[in-house]
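As structure tokens, the structure follows; a few thoughts come after it.
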Amino acid sequence: MTQTFSSLMTSHYAVHYKAWAKSTSHKFEDTWQEQRPTEIILGKEKKEMAGLAIGIASMKSGERALLHVGWELGYGKEGSFSFPNVPPMADLIYEVELIGFDEAKEGKARSDMTVEERIEAAERRKVEGNDYFKEENLEEAMQQYEMAIAYMGDDFMFQLFGKYRDMALAVKNPCHLNMAACLIKLKRYQEAIGHCTIVLSEDENNVKALFRRGKARAELGQTDAAKEDLEKARKHAPQDKAIIRELHLLDEHDKAIYQKQKEIYKGIFGPRPEPKPKSSNRLVLFWQWLVSLICNLLNFRRRKED
């Protein structure tokens with residue numbers, strides 16, 4: 001979709017990116033790893049993000065690109081105090097994914113919205129994501145969930161207390177959990193674990209987060225950690241059939257591993273040798289025979305004399 005520069009001025013973007021200094025190849029930022037997309041508003045971005053903002057302005061929603069940014073549009077002559085890996089006059093490389101963008105309502109940037117407006121906007125994205133999820137359109141669903149999460153950035157959440165924080169988490173946490181559900185279906189288990197862990201950092205007994213993290217860990221072969229998550233989930237939802245089924249699968253897996261190891265060890269060491277009967281000493285046998293013979297002869301002689 002082609003946009004004019006004036007319309008871009010009233011749009012906010014949700015992006016994921018990895019960034020590293022070209023001269024050192026040292027990565028200094030990775031929003032994928034943090035499971036938190038970043039918001040960029042063209043014309044209102046931080047000075048060091050100017051090159052990145054110009055690059056994403058020509059990208060389409062869902063597109064990924066590799067951007068080369070000169071030091072003048074990055075961290076400048078002095079480099080970065082926050083990221084020591086960025087030296088002075090460092091050209092930068094960004095691997096970027098544009099998750100999506102929103103036209104700011106009435107020219108209002110996301111950072112200028114009230115708490116209620118941001119939560120409502122995030123809720124709309126979550127609902128759209130749920131619709132895509134029901135249609136098994138997982139990539140589109142994840143884009144909507146990540147856009148919703150972008151409304152709830154760390155700076156925003158840090159300012160919230162009481163009922164407003166509860167309202168925000170009531171939207172944000174389900175988006176992370178739904179992201180995890182999509183990622184499990186796509187076999188991207190490590191990413192799914194990351195989203196569940198974010199929810200558990202806010203709500204350590206969240207059953208869905210424990211279940212989905214346990215399931216993802218089981219798929220990665222992390223059976224002890226998976227069992228720990230699933231047992232904790234069952235403690236809070238003892239009748240949940242899905243949790244019981246996953247624990248049963250883990251038990252069956254453990255039994256199969258034990259049997260396999262038993263067969264391997266048996267093959268290495270071979271069957272246990274049967275004890276061999278001790279061979280009798282020939283000399284002992286001879287003397288036993290001789291004593292028996294003499295006794296018989298003496299008995300025979302006594303009977304004859306009688």
Distance (nanometres) between label positions extended 7 Å along Cα→Cβ at MET89 and ALA256: 6.1
Rounded, prolate or oblate: pick one for the range 116-242, where a ≥ b ≥ c are the square roots of the eigenvalues of its C-alpha gyration tensor, a/c under 1.5 means rounded, and failing that, prolate if a/b is larger than b/c, else oblate. oblate
What does the charge count near VAL127 come to, summing +1 for each Lys or Arg and -1 for each Asp or Glu among other residues with Cβ under 12 Å from its Cβ? 0
Roughly how many Å² of PHE101 are accessible to a 1.4 Å probe, to the nearest 10? 40
Using a 1.4 Å probe on heavy atoms of the protein chains only, the accessible area for LEU200 in Å², nearest 10, reads 20
Percent of C-alpha pairs per 10 Å bin, the range 15-152, short to long: 12, 38, 32, 15, 3, 0
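Nearest 20 debye, what's the magnitude of the dipole of the range 124-215 about its Cα centre given +1 on Lys and Arg Cβ and -1 on Asp and Glu Cβ? Intermediate results must be reported in sequence, preceding the final value.
Values: 14 positive and 14 negative charges, 57 e Å.
Once rounded to the nearest 20, the dipole reads 280 debye.
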So how exposed is TRP20, as accessible area in Å² (1.4 Å probe, rounded to 10)? 60
Hey, with R₀ at 45 Å, roughly what FRET efficiency would GLU63 and ALA237 work out to, going by the Cβ-Cβ distance, to 0.05? 0.65
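What's the FRET efficiency of SER111 with LEU249 using the Cβ-Cβ distance as r and R₀ = 41 Å, to the nearest 0.05? Intermediate results must be reported in sequence, preceding the final value.
Working: r = 46 Å, r/R0 = 1.12.
FRET efficiency, SER111 to LEU249: 0.35.
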In whole Hz, with x marking every Gly and Pro, tabulate ³J(HN,Hα) for the range 193-204 from phi via Karplus 6.51 cos²θ - 1.76 cosθ + 1.60, θ = phi - 60°. 4, x, 5, 5, 5, 4, 5, 5, 5, 9, 9, 5
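For the range 66-162, which GluC sites (Glu not before Pro) are in a loop by DSSP, counting at most 15 other Cβ atoms within 10 Å?
Details: sites: GLU72, GLU78, GLU95, GLU97, GLU103, GLU106, GLU116, GLU117, GLU120, GLU123, GLU128, GLU135, GLU136, GLU139, GLU140, GLU146; in loops: GLU78, GLU135, GLU136.
In loop regions of the range 66-162 (DSSP not H, G, I, E or B), the sparsely surrounded GluC sites (Glu not before Pro) are GLU78, GLU135, GLU136.
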Show log10 I(q)/I(0) for the range 23-90 at q = 0.12 Å⁻¹, two decimals, from a solvent-free Debye sum over equal Cα scatterers. -0.34
What the Cα atoms of the range 176-258 span along the principal axes, largest first and in whole Å, is 35, 26, 18
Starting from the 7 Å offset along Cα-to-Cβ, what nm value, one decimal, do you get for the label separation of LYS22 and ARG124? 3.9
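The values are calculated or read from the model by the stated rules, or taken from the named source; none is laboratory data. Note that the structure is predicted; figures quoted are calculated from it, not measured. Cβ: placed from backbone, ideal geometry, glycine included. Neighbour counts: every protein chain shown. Ligands, DNA and RNA are stripped out before the accessible areas are found, and what is left, the full protein with its side chains, is counted by its heavy atoms. Shrake-Rupley method; radii C 1.70, N 1.55, O 1.52, S 1.80 Å.
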